[in-house]
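Peer 1: Please read through the structure below; I'll follow up with questions.
Each value in this text was obtained by applying a stated rule to the coordinates, not by laboratory testing. Keep in mind that this is a model prediction, so the values were computed, not measured. Every residue, glycine as well, gets a Cβ built from its backbone with ideal geometry; the counts of neighbours run over all protein chains shown.
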């Protein structure tokens, strides 16, 4: 009965008559569509750092909102947001309804609240001390609030732009807010009742507002005592106020809360229906469709009636009929998020890569972006993994972007921009050293940093940079090969082996070296490197970066002394204790949560590690490990995500892994087989074909593959290629509760590595 009540409470709105699942509770049967399996509250309490926010939005749309609070356990709401301008960011503009003493009015009112309900397309909450009911629904570039007031007091609405201007002209409210990098977001709002007075807050005092005082950051609209309901409709824009008005008129003129919710519900059901799963466990479906919903949060489409604002050159451009996307943290998303979109949204993926190229053209330097946001490229993290998404798309048949331009932008971003993390400076002495010696040099503990391009907190991260750049250069080599640039191909392919320069044959770890070629000693592979191990690695310790050779696992096996040694080291990763108390471990490595031994489920560089057993002849251990990790760390509860989810960067791993396969090496068009969670899953490919995965002998205990068939042919490889499935395919996996240790174990069946 509890689950029935939860689902009917969270997910109201019209019933969409397709892809219906049946849920039975007591003797009551209800229609349940795919969006009803989405629980935005999963992960809203963080294990340590950043929670996963319950975002209300349409797929990849500019308008995003979530309740502003630190995490789910926060007792108060900080007003009502009007738009969240970036993933994990705070709101631009804030709406605060208020009834009570004028002296208690603030620019942002904090609310005690109850009975909150969130779906991907709607929000409702009861402000219990204000006795005000709030309902909200969202479109692509606009939204509607409906406020119901129970008290007989005067009603006030505070609209705050925080850093900008607000104006009320007697009929509509307009304004702007500067968010970062001179980027402005604009607002156009209508309210169905006229206020009796226009006020503003100055030095925390409520005063009469001059209609000409446009630059004030807030306006307070005062309504009469008999005001019981307000309908607030608004549009937003990154271009100007007139465009905000046009977005409003295009999307909201004939809409109300109910109709907008129906549209939103239909849009989400359509997006989620790209993958259909069947199985007996509704919790698994909830985790799956919630994870899939998360993958549509970013990047966001900024095109508005054929134009878009770009913070990469602070200009408005014509989009030439192709939507422009930004807010994509590529260091996280290249691993599984982009490969997932290639399967279910190939045209959108082409548009996103085309947007990357446009960004490079618009910036001062023709460099592929690394962390493109609404406010420009923030150049965070290490490496330049946009190159991986380019070649992965191209190798899988996508042609809707200029590969030559993409190659030049990627090559420039790696050769001309410094490899130093979190920096947009040109290449300097460290980069010259890397080109000559094939590794990024480390400093000894206590040695002062003197290189200007190195970030003071993020440090050099020399092992992470060397390994990441080795992979990036392998990706560059693949593009050069496609373009017939044979000399570039040979150079970059040779450089893709640079990870070898930091491999310590005595310990079988990647070990930082100084500029004289000496390993840093003494060294602790768990704790050397300071906060987040950044002096040598990045956010994770050496146990994670031990496996950061996605493009050449075969060579990594050889470096470790063969398959037996390789598997032994993999096993030890999951078994090695933290080495300190949790308190002490996470005080130094707060990103490395979700631990199973030294393995972290909470950070993207670890996502491929459980699949590496496939390369060493023991795919049954991949099957065991994947099913265990999914059950341990991805659950239908408030702590059901183990770390920073990054707007689809981590949950795309869940989508793939629950389906039963994963792209270990973006840029190499193959998928490693894991262990499917569902009895039947169908991916509706964008070309109109279907890829179906069937688990025979399905139940929760039968996690091990006994035998397989692909398109009715016996299949003994723990992997398949993109070409094997893209024209439609059926993969049948016969499952059992004990491992078939022979299936997929022969050397000739191992997944391929460097090409």
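Peer 1: Beta carbons within 10 angstrom, averaged per residue: use that to sort the peptides 433-443, 95-105, highest first. If you can, show how the numbers build up before the last one.
Peer 2: Working: 433-443: 19.0, 95-105: 16.9.
Sorting 433-443, 95-105 by mean packing, highest first, produces 433-443, 95-105.
Peer 1: 222 nm [θ] for the chain, helices only, -39500 (n - 2.57) per DSSP H run of 4+, per residue, to 500?
Peer 2: Values: 19 runs with 201 residues, N = 755.
Taken over the chain, the calculation gives -8000 deg cm²/dmol.
Peer 1: May I ask you to give the average projected area over all directions of the convex hull of the Cα atoms of region 543-662, in nm² rounded to one decimal? Don't skip to the end; give the middle numbers.
Peer 2: On the way: hull surface 30.6 nm².
With every direction weighted equally, the projected area is 7.6 nm².
Peer 1: Give the order of 411, 396 when sorted by the count of other beta carbons within 10 angstrom, beginning with the fewest.
Peer 2: Details: 411 23, 396 20.
Ascending Cβ contact count within 10 Å gives the list 396, 411.
Peer 1: Size of region 248-334 along its principal axes in angstrom, Cα-based, largest extent first?
Peer 2: 52, 41, 19
Peer 1: Please report, to one decimal in angstroms, the Kirkwood hydrodynamic radius of the chain built from all distinct Cα-Cα pairs.
Peer 2: Numbers: mean 1/r = 0.0368 Å⁻¹.
The answer is 27.2 Å.
Peer 1: If we restrict to alpha carbons, what Rg and Dmax does region 334-378 come to, in Å?
Peer 2: Rg and Dmax of region 334-378, Cα atoms, are 11.5, 34 Å.
Peer 1: Answer rounded, prolate or oblate for region 667-750, using the Cα gyration tensor with square roots of eigenvalues a ≥ b ≥ c: rounded when a/c is under 1.5, else prolate when a/b is larger than b/c, else oblate. Provide the component values of the computation, followed by the final result.
Peer 2: Working: a/c = 2.13, a/b = 1.26, b/c = 1.69.
Taking the square roots of the gyration eigenvalues as a ≥ b ≥ c, region 667-750 is oblate.
Peer 1: Let me ask something additional. Under a plain spin-label model, where a point goes 7 Å from the Cα along Cα-to-Cβ, how far apart in nm are residue 749 and residue 581?
Peer 2: 4.8
Peer 1: Additional query: Report the far tail of the P(r) of region 285-389, meaning the percent of Cα-Cα pairs longer than 20 Å.
Peer 2: Working: 1993 of 5460 pairs.
Value for region 285-389 (Cα pairs over 20 Å): 37 percent.
Peer 1: Starting from the Cα gyration tensor of region 192-342, multiply each eigenvalue by 5, take the square root, and state the resulting semi-axes largest first in whole Å.
Peer 2: Values: eigenvalues 289, 115, 54 Å².
In descending order, the three semi-axes are 38, 24, 17 Å.
Peer 1: Using only alpha carbon positions, build the gyration tensor of region 561-621, then give the equivalent ellipsoid semi-axes as the square roots of 5 times its eigenvalues, largest first, whole angstrom. Display every interim value, and only then the final one.
Peer 2: Details: eigenvalues 122, 32, 12 Å².
Each semi-axis is the square root of five times an eigenvalue, giving 25, 13, 8 Å.
Peer 1: Give the shape of region 407-475 as rounded, prolate or oblate, defined through the alpha-carbon gyration tensor: a ≥ b ≥ c are the square roots of its eigenvalues, a/c under 1.5 means rounded, and otherwise the shape is prolate if a/b is larger than b/c and oblate if not. Walk me through the numbers on the way to the answer.
Peer 2: Working: a/c = 1.97, a/b = 1.57, b/c = 1.26.
Note, shape of region 407-475 comes out prolate.
Peer 1: How would you order 279-286, 642-649 from highest to lowest mean count of nearby Cβ atoms within 10 Å?
Peer 2: Numbers: 279-286: 17.4, 642-649: 25.8.
Most protected by this proxy first, the peptides run 642-649, 279-286.
Peer 1: Same structure, new question: If we count other beta carbons within 10 Å of each Cβ, what is the order of 410, 301, 475, fewest first?
Peer 2: Going from sparsest to densest Cβ surroundings: 301, 410, 475.
Peer 1: Here's something else I'd like to know. Share of antiparallel DSSP beta bridges in the chain, in percent to the nearest 5?
Peer 2: On the way: 113 of 119 bridges.
So the antiparallel bridges amount to about 95 percent of the total.
Peer 1: In percent, what relative contact order does the chain have, based on Cα pairs under 8 Å that are 6 or more apart in sequence? Please list the in-between numbers first.
Peer 2: On the way: 1708 pairs, mean separation 84.6, N = 755.
Relative contact order here is 11 percent.
Peer 1: Would you mind checking the tilt of helix 403-415 against the longest principal axis of the Cα atoms of the chain, expressed as 0 to 90 degrees and rounded to 10?
Peer 2: So the helix axis and the longest Cα principal axis differ by about 80 degrees.
Peer 1: What whole-number volume per residue, in cubic angstrom, does the convex hull of the C-alpha atoms of region 364-503 give?
Peer 2: With only Cα atoms used, region 364-503 gives 112 Å³ per residue.
Peer 1: With r defined as the distance between the Cβ atoms of residue 151 and residue 204 and R0 fixed at 25 Å, what FRET efficiency is calculated, to the nearest 0.05? Display every interim value, and only then the final one.
Peer 2: Numbers: r = 23 Å, r/R0 = 0.93.
With R0 = 25 Å, the Cβ-Cβ based efficiency is 0.60.
Peer 1: Sticking with this one: Within 10 Å, count the other beta carbons around each residue, average over each peptide in 316-329, 45-58, and list them highest first. Please report the intermediate quantities before stating the final value.
Peer 2: Numbers: 316-329: 19.1, 45-58: 20.7.
The packing order, highest mean first, is 45-58, 316-329.
Peer 1: For residue 486 and residue 162, compute 0.36 nm times the residue count separating them, minus their Cα-Cα distance, and round to one decimal in nm. Working shown, then result.
Peer 2: On the way: separation 324, 0.36 × 324 = 116.64 nm, distance 5.43 nm.
This chain segment gains 111.2 nm when fully extended.
Peer 1: May I ask for the distance between the Cα centers of region 317-387 and region 526-545, given as a whole number of Å?
Peer 2: After rounding, the separation between the Cα centres reads 28 Å.
Peer 1: Right, something else. Based on the Cα atoms of region 56-267, what semi-axes does the equivalent ellipsoid have, where each is the square root of 5 times one gyration tensor eigenvalue, given in whole Å with the largest first? Mind dumping the intermediate values first?
Peer 2: Details: eigenvalues 107, 86, 59 Å².
Equivalent ellipsoid semi-axes, largest first: 23, 21, 17 Å.
Peer 1: Still on this model: Determine Rg/Rh for region 126-229; Rg is computed over alpha-carbon atoms and Rh is the Kirkwood hydrodynamic estimate from the same atoms.
Peer 2: Values: Rg = 14.5 Å, Rh = 14.9 Å.
Rounded to two decimals, Rg/Rh equals 0.97.
Peer 1: Give the Debye-formula value of log10 I(q)/I(0) at each listed q (0.14, 0.23, 0.25 Å⁻¹), with one equal scatterer per alpha carbon of region 515-587, two decimals each.
Peer 2: Treating every Cα as an identical point scatterer, log10 I(q)/I(0) equals -0.55, -1.17, -1.23.
Peer 1: I'd like the orientation of helix 257-272 relative to the chain: the angle between its Cα long axis and the longest Cα principal axis, in ° from 0 to 90, rounded to 10.
Peer 2: 10
Peer 1: Going by how many other beta carbons lie within 10 Å of each one, how would you line up 261, 88, 64, fewest first? Present the calculation step by step, with values, prior to reporting the outcome.
Peer 2: On the way: 261 22, 88 18, 64 25.
By the 10 Å Cβ count, ascending, the order reads 88, 261, 64.
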